[in-house]
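Here's the structure, in structure tokens; my notes come after.
The values are calculated or read from the model by the stated rules, or taken from the named source; none is laboratory data. Worth saying up front: this structure is predicted, and the values here are computed from it rather than measured. Here the Cβ positions follow ideal geometry from the backbone for every residue, glycine too, while neighbour counts run over all protein chains shown.
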Amino acid sequence: MAMSVHDKVKTHFQDMAVYKDPAHHRLFSSLSIPSYLRDWVVMRFADENGKIDAIKVEEYVRNSIPSKKDWELLKSRMIKDGQRVRFLAKVRVELDVRTGQGMFSLPDLGFPNRKAEAIVENKVLHQHREELLSESETWGVIECEWNSYGLNGKEGSGAIYLVNFTPFKPYKVDLEYYQEVRKEFTLDEWIDMLLLAVDYNPFGFSDVRQKVTLLSRLLPFVEKRVNLIELAPKGTGKSYMMSQLSKYGWLVSGGSVSRARLFYDISRKTPGLVSRYDYVALDEVQTITFPDVEEIRGALKGYLESGEYRVGDYRGIGDAGLVLMGNILEEKMSENLNMFTELPPAFQESALIDRFHGFIKGWNIPRMRENMKAEGWALNVEYFSEIMHSLRSGLASSLNDLLEIPKSSDTRDTIAIKRLCSGLMKLFFPHVKSADDLDDREEFRTYCLEPAMQMRGIIRHQLHLVDSEYSDTLPDIRMRDS
């Protein structure tokens, strides 16, 4: 009897598999816990059949992963009761240039109001320098206590000290093992495995086109500096995938976005989002504004082209892809219409649009329904997000052996198609290290090259509609003969 996808996941991934139940979504949503933490908690409390005691889980979460409303109580326990508190949180550490002291912040808890209120003990900073001084926030189990003397050693200048830290890295990622396990699945099974890993039930999709369109949202998770635009109807899960699946991404939802926030804050001397994350997604892009449109447009052009940016005398680099996401009316859902009138004025310039690699037709993704929520054995989200993060190094190694690129090809088109192709290969064929590893070269054409050409083709056609100086044709990039 053939094994189901669920059985294969449980058999081959063992400790990395978790039983997903739609009831878990409701429980953890009420507790404001992202998916990558949800699966880790479930695995701590699940029996061999994947079932959990919801009351025990809820008690653990409330005691161990505090929310913003719990912070004042924790402060009271430290300051008034003299207790040391221990909990799981996202923490960011910066070195104060003037004093050489490590200062920490807890972004999800809104602490501190002033940087001298939150100090990292030197021994903790020395022991965990790699994790704490990375350019992005890191999750960990932290222990804090209050000291009435604070940084200057004077009574009345009290501060909270981070006195112990354990990195939240619950899984040791063996990328080679993951790549080898891919060989145990057919392509259809693997696609369903990917959907389950990101909390979707494969049976909720009517065809493989819908599945591949949804999974193309993961391209910035596995490929460096992939820049995408997605316009979709409401309720298709755009925000969920970009905010809940990985601690390595950042979602900006509406509001004002400054150059300092995206690239570099001169006053604080700190790098912005593109240097600290794998991707930055601007959600509800129609509602996003920029204090200085020309300034942000100039900075974006340079960064989207080369991954470098300059702010004042500072030269920075980043690997983050930029994703623009917005809702679109049904009558606008056509690549033959100028859809980019839906974008903010800052992005309605052909030279900037040209730097986006691909377009996702979000109207090919069904609205979220109850029967689309994952159920059964699947990869846990935290493990899968670490796998995707590990896959980001370099282009897929077999790509140059598989593609034949005309010498006359437009450079931006070539870069875009190669980058999209590479990301799709990492998703669907992570085990392929040379062209000889491909059992069926037509699968590469169907699931990598053709979607990449289509995604870039929409950008190219939209450019032509915006500015007739841009050609409406793509270079004739094709597969090499075997």
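Please state which of the following conditions Gly100 fails to meet, knowing it meets all the rest: (1) modelled with pLDDT under 90; (2) closer than 16 Å to Ser148 by Cα.
(2)
Conditions (1) out of contact with any Asp or Glu (no Cβ under 9 Å at 6 or more places or on another chain); (2) assigned to a helix (DSSP H, G or I); (3) more than 29 Å from Phe185 (Cβ to Cβ); (4) at pLDDT 95 or above, marked per residue:
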{"position": "Asn400", "(1), (2), (3), (4)": "yes, yes, no, no"}
{"position": "Ser422", "(1), (2), (3), (4)": "no, yes, no, yes"}
{"position": "Cys448", "(1), (2), (3), (4)": "yes, yes, no, yes"}
{"position": "Ala452", "(1), (2), (3), (4)": "yes, yes, no, yes"}
{"position": "Met455", "(1), (2), (3), (4)": "yes, yes, no, yes"}
{"position": "Ile459", "(1), (2), (3), (4)": "no, yes, yes, yes"}
{"position": "Leu465", "(1), (2), (3), (4)": "no, yes, yes, no"}
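With respect to Ile415, determine if the residue is part of a helix (DSSP H, G or I), crowded, with 16+ Cβ neighbours inside 10 Å, touching a strand residue (DSSP E or B) at 6+ places or on another chain (Cβ under 8 Å) and modelled with pLDDT of 90 or more. Show your work before the answer.
Values: part of a helix (DSSP H, G or I): yes; crowded, with 16+ Cβ neighbours inside 10 Å: yes; touching a strand residue (DSSP E or B) at 6+ places or on another chain (Cβ under 8 Å): no; modelled with pLDDT of 90 or more: yes.
Judged against the criteria, Ile415 is not a match.
Would you pick out the residues in segment 190-204 that are buried (at least 17 other Cβ atoms within 10 Å of the Cβ) and either free of Cβ contacts under 8 Å to residues at least 12 places away in the same chain or over 23 Å from the mean Cα position of the chain (by Cα) (or both)? Don't jump to the end; show me each part of the working.
The first filter runs over segment 190-204 and keeps only residues buried (at least 17 other Cβ atoms within 10 Å of the Cβ), leaving 190-202, 204.
Of everything in segment 190-204, just one residue is buried (at least 17 other Cβ atoms within 10 Å of the Cβ) and either free of Cβ contacts under 8 Å to residues at least 12 places away in the same chain or over 23 Å from the mean Cα position of the chain (by Cα) (or both), namely Gly204.
Does Gly321 satisfy the condition of being surrounded by 22 or more Cβ atoms within 10 Å (Cβ to Cβ), within 30 Å of His464 (Cβ to Cβ) and in contact (Cβ under 8 Å) with a residue 60 or more places away in the chain?
yes
Take segment 363-387 and flag every residue that is crowded, with 23+ Cβ neighbours inside 10 Å and closer than 19 Å to Met455 by Cβ.
Result: Ile365, single match.
When only residues in segment 388-400 that are crowded, with 18+ Cβ neighbours inside 10 Å and small (Gly, Ala, Ser) count, which is farthest from Lys332 (Cα to Cα)?
Applying the filter and picking the extreme gives Ser398.
Could you tell me whether Ser350 is closer than 23 Å to Thr473 by Cα, surrounded by 15 or more Cβ atoms within 10 Å (Cβ to Cβ) and assigned by TED's automatic domain parsing to the domain that holds Ser243?
Working: closer than 23 Å to Thr473 by Cα: yes; surrounded by 15 or more Cβ atoms within 10 Å (Cβ to Cβ): yes; assigned by TED's automatic domain parsing to the domain that holds Ser243: yes.
Taking the combined requirement at face value, the residue satisfies it.
Of all the helices (runs of 4 or more DSSP H) wholly in segment 1-88, which have at least 1 residues that are among the basic types (Lys, Arg), surrounded by 13 or more Cβ atoms within 10 Å (Cβ to Cβ) and at pLDDT 90 or above?
Details: elements: 5-13, 22-30, 35-45, 54-64, 71-79.
Once the helices (runs of 4 or more DSSP H) in segment 1-88 are filtered for at least 1 residues that are among the basic types (Lys, Arg), surrounded by 13 or more Cβ atoms within 10 Å (Cβ to Cβ) and at pLDDT 90 or above, what remains is 5-13, 71-79.
Would you mind finding the one in Thr287, Thr213 that is polar (S, T, N, Q), assigned to a helix (DSSP H, G or I) and at pLDDT 90 or above? Spell out the reasoning first.
Values: Thr287 fails: assigned to a helix (DSSP H, G or I).
The unique qualifying residue is Thr213.
Considering segment 85-142 alone, what residues qualify as being in contact with a Leu (Cβ under 9 Å, 6 or more places away or on another chain), in contact (Cβ under 8 Å) with a residue 40 or more places away in the chain and more than 26 Å from His389 (Cβ to Cβ)?
The answer is Val85, Thr99, Gln101, Pro112, Ala116, Ala118, Ile119, Glu121.
Can you name every residue in segment 316-342 that is among the β-branched types (Val, Ile, Thr) and in a loop (DSSP other than H, G, I, E, B)? Steps first, answer last, please.
First pass over segment 316-342, keeping only residues among the β-branched types (Val, Ile, Thr): 317, 323, 328, 341.
Across segment 316-342, the qualifying residue is only Ile328.
In the set Gly318, Gly272, Gly255, Gly249, which member is closer than 28 Å to Lys115 by Cα and at pLDDT below 90? Spell out how you get there, then give the answer.
Numbers: Gly318 fails: at pLDDT below 90; Gly272 fails: at pLDDT below 90; Gly249 fails: at pLDDT below 90.
Sole residue among the options that is closer than 28 Å to Lys115 by Cα and at pLDDT below 90: Gly255.
Every residue in segment 111-156 that is part of a helix (DSSP H, G or I), at pLDDT below 80 and out of contact with any strand residue (DSSP E or B) (no Cβ under 6 Å at 6 or more places or on another chain), please.
Once the filter is applied, which keeps residues that are part of a helix (DSSP H, G or I), at pLDDT below 80 and out of contact with any strand residue (DSSP E or B) (no Cβ under 6 Å at 6 or more places or on another chain), segment 111-156 yields only Glu130.
So which pairs qualify, if the first residue must be in segment 287-307 and free of Cβ contacts under 8 Å to residues at least 24 places away in the same chain, the second must be part of a strand (DSSP E or B), the Cβ gap must be under 7 Å, and the two must be at least 6 apart or on different chains?
The qualifying pairs are Gly302/Glu308; Gly302/Tyr309.
Would you call Val93 surrounded by 19 or more Cβ atoms within 10 Å (Cβ to Cβ) and out of contact with any Asp or Glu (no Cβ under 8 Å at 6 or more places or on another chain)?
On the way: surrounded by 19 or more Cβ atoms within 10 Å (Cβ to Cβ): yes; out of contact with any Asp or Glu (no Cβ under 8 Å at 6 or more places or on another chain): yes.
Answer is yes for this residue.
Can you name the residue in segment 157-174 that is of a type in the set (A, V, I, L, M) and surrounded by fewer than 19 Cβ atoms within 10 Å (Cβ to Cβ) and is also modelled with the lowest pLDDT among such residues? So that I can check it myself, show each step before the final result.
Residues of segment 157-174 that are of a type in the set (A, V, I, L, M), as a first pass: 159-160, 162-163, 173.
Still in the running and surrounded by fewer than 19 Cβ atoms within 10 Å (Cβ to Cβ): 163, 173.
Working: Val163: 96, Val173: 85.
Looking at residues that are of a type in the set (A, V, I, L, M) and surrounded by fewer than 19 Cβ atoms within 10 Å (Cβ to Cβ), I get Val173.
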